[in-house]
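Reading through the structure tokens given below for one structure.
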């Protein structure tokens, strides 16, 4: 009884507050009888429906209620209208993959099926997100296209695996998204970063799994480059991608105080129109994805998205390696190996400049289809930091003594005189001028000036992301 009286009291106060608010507004705009009549009719009809929905939401809201994984076929109503109804996906008639044939996440080194959540196409999470099909996979997660039944839109759901290493990356990624969401959106680079729409946990057979909900995107810049028979991106496309990337990094560095630390072509995705995701859904309904059954779990093959009518803007994604710049801890093993900055290798406290070096190396790969550094050590037949440093010396000359003086790992690689250790030889000197073969004349000089702003031994001498976004070469090639 007390609860009922409280609800009535709350409704009465809310009704009076709304009337007072709108009456003040109308009084300030017009005191005519016509406005008063319109307001009265509007209040009694349209807004009464909204009040009922709001009161219904308030009665049913329970902040302590957990959101279970559900296969319910009932779609709830949204605040303003009808939600999407769940679809029925085929349980038969799909291609069967032989159990011995490894696909998708099974091909990852040290793959352990128990770490991954066994997703089922058609499954509904939180009574809201219905899985449509598999978009891709990674070392720590699988990514699925889903239908947001409440908002009537498609979303991408990233479902993390369950392990100690994966938990660490989840923590880094969530922390980065929190910083992004809690920062002003006025910055031009804000929309060049992927946003987090929702996050929740689901219970799997071997533990809990974090799920991140994002706007779905199309292919990566790397995929786009591989579509070109010559395996290169046109110069205007490179310039436009870099313009957006540097704006995103400026926002990340200056506003969020975060270093991305994992910038590569397959972490820059392109936007696409909704028609691409509707087509993906229809294809899954008409021709179900190939799959296999292993130890009671279903593993699906990823399905490619169609080519959109118009390719959208590039967006920087994947913050699983992002490190707060105000964190006193500096991790030595950040960044992809061949994109690793010299200060990271040498054990020098690093700043956001590691991302600038990273981008410089990536640009060369995308533009020249040739890795600037490989770090291949013939003695170990794999990547090694000493081989990487030797290649840097061949490109840039020896590191400045002032840089080596700050290096905590100096003695591992250099003698007291500043020479690289005798166990490995420095390749023949090949500066950028000799390696650049695609451009000539003034354009070549302009591009080299641009590259030198990023590829500097000393982090303090590298340009900021903001300055690089306005570089002459980018402005010329992007037509801005």
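The values are calculated or read from the model by the stated rules, or taken from the named source; none is laboratory data. The shown structure was predicted, so the numbers you read here are calculated from the model rather than taken from an experiment. Backbone-built Cβ (ideal geometry, glycine too); neighbour counts: all protein chains shown.
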Going through segment 372-388 in order, the residues found to be exposed (fewer than 15 other Cβ atoms within 10 Å of the Cβ) and either under 22 Å from residue 231 (Cα atoms) or in contact with a strand residue (DSSP E or B) (Cβ under 6 Å, 6 or more places away or on another chain) (or both) are 374
Quick check on residue 364: is it surrounded by 14 or more Cβ atoms within 10 Å (Cβ to Cβ) and assigned to a loop (DSSP other than H, G, I, E, B)?
no
Within segment 285-297, identify whether any single residue is farther than 30 Å from residue 446 by Cα, in contact with a strand residue (DSSP E or B) (Cβ under 7 Å, 6 or more places away or on another chain) and part of a strand (DSSP E or B), and answer yes or no.
yes
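Condition check ((1) farther than 30 Å from residue 309 by Cα; (2) surrounded by 15 or more Cβ atoms within 10 Å (Cβ to Cβ)) across all residues:
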| site | (1), (2) |
| --- | --- |
| 173 | yes, yes |
| 191 | no, yes |
| 194 | no, yes |
| 197 | no, yes |
| 202 | yes, yes |
| 212 | no, yes |
| 221 | no, yes |
| 226 | no, no |
Do any helices (runs of 4 or more DSSP H) entirely within segment 389-480 hold 1 or more residues that are assigned by TED's automatic domain parsing to the domain that holds residue 243 and touching a strand residue (DSSP E or B) at 6+ places or on another chain (Cβ under 8 Å), and if so, which?
401-404, 410-413
For segment 151-164, state whether one or more residues are in contact (Cβ under 8 Å) with a residue 60 or more places away in the chain, buried (at least 18 other Cβ atoms within 10 Å of the Cβ) and closer than 17 Å to residue 320 by Cβ.
yes
By residue number, the members of segment 189-214 that are closer than 18 Å to residue 146 by Cα, assigned to a strand (DSSP E or B) and within 15 Å of the chain's Cα centre (by Cα) are 198, 199, 211, 212, 213, 214
Just need a number here: residues in segment 144-172 that are touching a helix residue (DSSP H, G or I) at 6+ places or on another chain (Cβ under 8 Å) and assigned to a loop (DSSP other than H, G, I, E, B).
3
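Rundown of residues vs (1) under 29 Å from residue 167 (Cβ atoms); (2) crowded, with 18+ Cβ neighbours inside 10 Å, yes/no style:
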residue: 279; (1), (2): no, no
residue: 282; (1), (2): no, no
residue: 287; (1), (2): no, no
residue: 300; (1), (2): yes, yes
residue: 327; (1), (2): yes, no
residue: 345; (1), (2): yes, yes
So which residues in segment 313-324 are within 16 Å of residue 189 (Cβ to Cβ) and surrounded by fewer than 21 Cβ atoms within 10 Å (Cβ to Cβ)?
313, 317
Name the residues in segment 314-329 that are assigned to a loop (DSSP other than H, G, I, E, B) and in contact with a strand residue (DSSP E or B) (Cβ under 7 Å, 6 or more places away or on another chain), would you?
317, 322, 325
Conditions: (1) surrounded by fewer than 17 Cβ atoms within 10 Å (Cβ to Cβ); (2) closer than 22 Å to residue 336 by Cβ. Residue 392 meets all but one. Number of the miss?
(1)
Identify the residue in segment 215-233 that is in contact with a helix residue (DSSP H, G or I) (Cβ under 7 Å, 6 or more places away or on another chain) and assigned to a helix (DSSP H, G or I) and, among all such residues, is farthest from residue 154 (Cα to Cα).
225
Of the listed residues (349, 290, 314), the one being more than 30 Å from residue 233 (Cβ to Cβ) and at pLDDT 95 or above is 290
How many of the residues in segment 234-271 are within 17 Å of residue 475 (Cα to Cα) and outside any helix (DSSP H, G or I)?
1
Looking at segment 325-339, can you tell me whether even one residue there is assigned by TED's automatic domain parsing to the domain that holds residue 430 and more than 23 Å from residue 169 (Cβ to Cβ)?
no
